[in-house]
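Asks: The structure under discussion is supplied below as structure tokens; questions concerning it will follow.
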Ligand SMILES: *[C@@H]1O[C@H](CO)[C@@H](O)[C@H](O)[C@H]1NC(C)=O
Ligand SMILES: *[C@@H]1O[C@H](CO)[C@@H](O)[C@H](O)[C@H]1NC(C)=O
Ligand SMILES: [Cu+2]
């Protein structure tokens with residue numbers, strides 16, 4: 001009885017954790033993560049130009065974006081802006097729709113940077129369209145020459161088993 005009760009409490013605790021967790025960037029590291037304000041653009045309640053937590057150099061010819069997510073069937077957008085023009089977001093790829101898996105791990109290992117921005121202070125923005133809303137994460141970055149970079153670890157970039165995704169541009173979203 002005691003054991004069953006503890007298991008029940010543990011399960012409850014884990015469910016609450018998962019429900020409230022939304023998604024976060026594993027690589028590059030986020031400017032900040034705030035569960036309650038994650039739906040506030042452009043950076044989930046954080047200042048887009050904040051560089052106080054450090055800056056990640058990303059090779060312009062390809063770098064990974066890795067996330068942990070608690071949502072299924074989501075759509076991602078991968079964008080960047082210059083610190084000198086922090087409201088002008090440029091799409092780095094088409095949208096990515098998770099048709100299977102992507103929970104809890106999803107990583108696109110070769111996202112292209114913007115060659116004209118090499119050496120300039122920039123911001124990476126990842127938007128997740130999920131059944132509980134539009135959610136934002138940002139990272140302080142700089143594009144550097146070189147790549148594609150493949151030296152990442154599995155803690156930075158991995159897929160859950162059975163993950164598959166399609167590229168496209170969708171105006172409306174169907175989640176499962
Ligand atoms: C990032 O790239 C810049 C060149 O733009 C270089 O000066 C700096 O040392 C690099 N930082 C790291 C952590 O590699
Ligand atoms: C993760 O899965 C997606 C969709 O199949 C794929 O495009 C991507 O390359 C995979 N990432 C890794 C790190 O294998
Ligand atoms: Cu959520």
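Values in this text are rule-based calculations from the coordinates and carry no lab data. Small disclaimer: the values here were computed from a predicted structure and weren't measured. Note that we place each Cβ from the backbone using ideal geometry, even for glycine, and neighbour counts take in every protein chain shown.
Asks: Output the number of the condition that residue 41 fails; it satisfies all remaining conditions of (1) within 16 Å of the chain's Cα centre (by Cα); (2) within 13 Å of ligand 2 (Cβ to nearest atom).
Replies: Going through (1) within 16 Å of the chain's Cα centre (by Cα); (2) within 13 Å of ligand 2 (Cβ to nearest atom) one by one, residue 41 breaks only (2).
Asks: For region 115-152, which positions are out of contact with any strand residue (DSSP E or B) (no Cβ under 7 Å at 6 or more places or on another chain), more than 26 Å from residue 71 (Cα to Cα) and buried (at least 17 other Cβ atoms within 10 Å of the Cβ)?
Replies: Selection gives nothing.
Asks: Kindly indicate which of 96, 155 is within 14 Å of ligand 2 (Cβ to nearest atom), surrounded by fewer than 17 Cβ atoms within 10 Å (Cβ to Cβ) and within 14 Å of residue 65 (Cα to Cα).
Replies: Values: 96 fails: surrounded by fewer than 17 Cβ atoms within 10 Å (Cβ to Cβ).
Result: 155 is the single residue among 96, 155 that is within 14 Å of ligand 2 (Cβ to nearest atom), surrounded by fewer than 17 Cβ atoms within 10 Å (Cβ to Cβ) and within 14 Å of residue 65 (Cα to Cα).
Asks: Limited to region 78-93, what total is found for residues that are away from ligand 1 (no atom under 16 Å from the Cβ) and either surrounded by fewer than 17 Cβ atoms within 10 Å (Cβ to Cβ) or free of Cβ contacts under 8 Å to residues at least 12 places away in the same chain (or both)? Reasoning before the result, please.
Replies: Within region 78-93, the first condition is being away from ligand 1 (no atom under 16 Å from the Cβ), and the residues that meet it are 78-79, 81, 85-93.
After this cut, where a residue has to be either surrounded by fewer than 17 Cβ atoms within 10 Å (Cβ to Cβ) or free of Cβ contacts under 8 Å to residues at least 12 places away in the same chain (or both) as well, the list is 85, 87-88, 90-91, 93.
The qualifying residues number 6.
Asks: While we're looking at this one, here's another question. Only one residue in 41, 54, 45 is out of contact with any strand residue (DSSP E or B) (no Cβ under 6 Å at 6 or more places or on another chain) and within 16 Å of ligand 3 (Cβ to nearest atom), so which one is that? Steps first, please.
Replies: Details: 41 fails: out of contact with any strand residue (DSSP E or B) (no Cβ under 6 Å at 6 or more places or on another chain); 54 fails: within 16 Å of ligand 3 (Cβ to nearest atom).
Going through 41, 54, 45 in turn, just one is out of contact with any strand residue (DSSP E or B) (no Cβ under 6 Å at 6 or more places or on another chain) and within 16 Å of ligand 3 (Cβ to nearest atom): 45.
Asks: Right, residue 139: free of Cβ contacts under 8 Å to residues at least 60 places away in the same chain and within 16 Å of ligand 1 (Cβ to nearest atom) or not?
Replies: On the way: free of Cβ contacts under 8 Å to residues at least 60 places away in the same chain: no; within 16 Å of ligand 1 (Cβ to nearest atom): yes.
So residue 139 fails the test.
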